[in-house]
Amino acid sequence: MSKFSSKNQFLMLAFGSCLLFANFVESGQQNQTDTGGSAAGDFGPPQGEPIQAILTSAPEVPPPVNRDYPAKVIVDMEVRELDMEISEGVTYTFWTFGSTVPGSFIRIRQGDTVEFHLKNHPDSKMPHNINLHAVTRPGGGATSSFTAPGHEAVFSFKALNQSLYVYHCATAPVGMHVANGMYGLILVEPPGGLPPVDKEFYVMQGEFYTVGKYREKGHQPFDMQKAIEENATYVLFNGSEGALVGDKAVSTVVGDTIRLFVGNGGPYLVSSFHVIGEIFDKVYQEGGTYYQENVQTTLVPAGGFAVTEFRVEVPGTLIIVDHSIFRAFNKGALGMIKVDGPDNLAVYSGKEVDNV
């Protein structure tokens, strides 16, 4: 950053780069006339008083919308640049939406009109913006939301297509902003809502590029050259090693049906998402309307998602991994689901005979 003579020069360059980038980005929306997408017609004006969106940090998910009408929904989100632990004894300067990595989970309904307020904390050193893949407009809202430190941007959009979508910062250099943790998920529920389940959790993978080696102690700066070479130091769920392990593991009981909203912030790697000891009853992939059944491992591209559902049959600890397996045991991509309840010997009896 030393090559910039002043903060003002840097902001002007970043703003110009952001506008140039946004002109080349398209929203990527696919109208699906048979699945209630935007081609199905106008959903009508918002009804009632504006509603303040409930935002949650991973692994928590906001409650279902439970509305049979479109509304005006207010989303307030603040960007902060924070030094936080990426691994035990290792800190990193994360750039965050809502002070967490991944950013806050947003849950709305198809047909809603969203009034988005993006604030950039005065202590930030960088300008930031947001590109929501749920926004139908080139740039996904990036040009309207460019925000300097200490400022706020407000823009609105209509949620035309139901599905789960990634959002991320799109300020140049885009890869650096994403690699520092600026991504999250927004769920656009269908008008009738999602089928009920017992538990829902938010899991998002991302990779980090540090000057120091994996688990090297102390504060570790971002390494641009490693990022360009796609040589990730860490591959993590929910922003830090151990974010879903031990006391931070998510929990459930035998017989529960689980829904995992799984995102991949990237910026590069495709995730081979797998839960050891379970088969996904359903997996909704890219586009979100149709599902596959009885899936063992599902690919989640950078900037993409999957929704997985399964019923837990036996107690124990289920291990979440990226099945590109060295990432799990040598870069940190591990999580846990703790399942309580009685044994089911008809499903799994354990070791019965020792033939040695």
message = Under a crude label model (7 Å from the Cα following the beta-carbon direction), how far is Y348 from E286 in nanometres?
response = 3.2 nm
note = Toy charge model, Lys and Arg Cβ at +1, Asp and Glu Cβ at -1: the stretch 238-356 dipole around Cα centroid in debye, rounded to 20, equals 360 debye
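Rounded to the nearest 0.05, what FRET efficiency is calculated for H219 and Q296 with R0 set to 51 Å and r the Cβ-Cβ distance?
Efficiency, rounded to the nearest 0.05: 0.85.
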inquiry  = Straight-line reach from K217: which aspartates and glutamates fall under 17 Å, measuring Cα to Cα and dropping same-chain residues less than 8 apart?
reply    = D83, E85, E88, E241
Heavy atoms of D281 accessible to a 1.4 Å probe, total area in Å² rounded to 10 = 70 Å²
inquiry  = Taking the alpha-carbon distance from K282 and a cut-off under 20 Å, which aspartates and glutamates remain once sequence neighbours fewer than 8 residues away in the same chain are dropped?
reply    = E189, D198, E200, D256, E293, E309, E313, D322
task = Would you give the gap between the C-alpha center of the stretch 305-356 and the C-alpha center of the stretch 78-112, rounded to a whole Å?
result = 28 Å
note = The answer for the net charge of residues other than V75 whose Cβ lies under 14 angstrom from its Cβ, with Lys and Arg +1 and Asp and Glu -1, is 0
inquiry  = Over 30 Å between Cα atoms: which of K158/K199; K158/K226; K158/K338 fall into that group?
reply    = K158/K226; K158/K338
ask   = Order of 189-195, 233-239 by packing, highest average Cβ count within 10 Å first?
value = 233-239, 189-195
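Pop the C-beta distance of V154 and H121 into the FRET formula with R0 = 22 Å and round what comes out to the nearest 0.05.
Here the calculated transfer efficiency is 0.85.
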Among (1) 83, 50, 45; (2) 68, 44, 37; (3) 73, 53, 29, the entry that matches Cα extents along the principal axes in Å as calculated here = (3)
remark   = For the chain, the per residue accessible area (1.4 Å probe, Å²) is 45 Å²
query = At a Förster radius of 35 Å, what calculated FRET efficiency corresponds to the Cβ-Cβ distance of R311 and E88, to the nearest 0.05?
reply = 0.55
remark   = For R137 the rounded accessible area (nearest 10 Å², probe 1.4 Å, non-protein molecules ignored) is 120 Å²
note = When the chain is treated as a Gaussian network with springs between alpha carbons less than 10 Å apart, the largest mean-square fluctuation among E309, E115, E230 is found at E230
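The values are calculated or read from the model by the stated rules, or taken from the named source; none is laboratory data. Just so it is clear, the model here is predicted, and its values are computed rather than measured. No Cβ is skipped: glycine too gets one built from the backbone with ideal geometry, and neighbour counts run over all protein chains shown. With ligands, DNA and RNA removed, areas are computed over all heavy atoms of the protein, side chains included. Shrake-Rupley method; radii C 1.70, N 1.55, O 1.52, S 1.80 Å.
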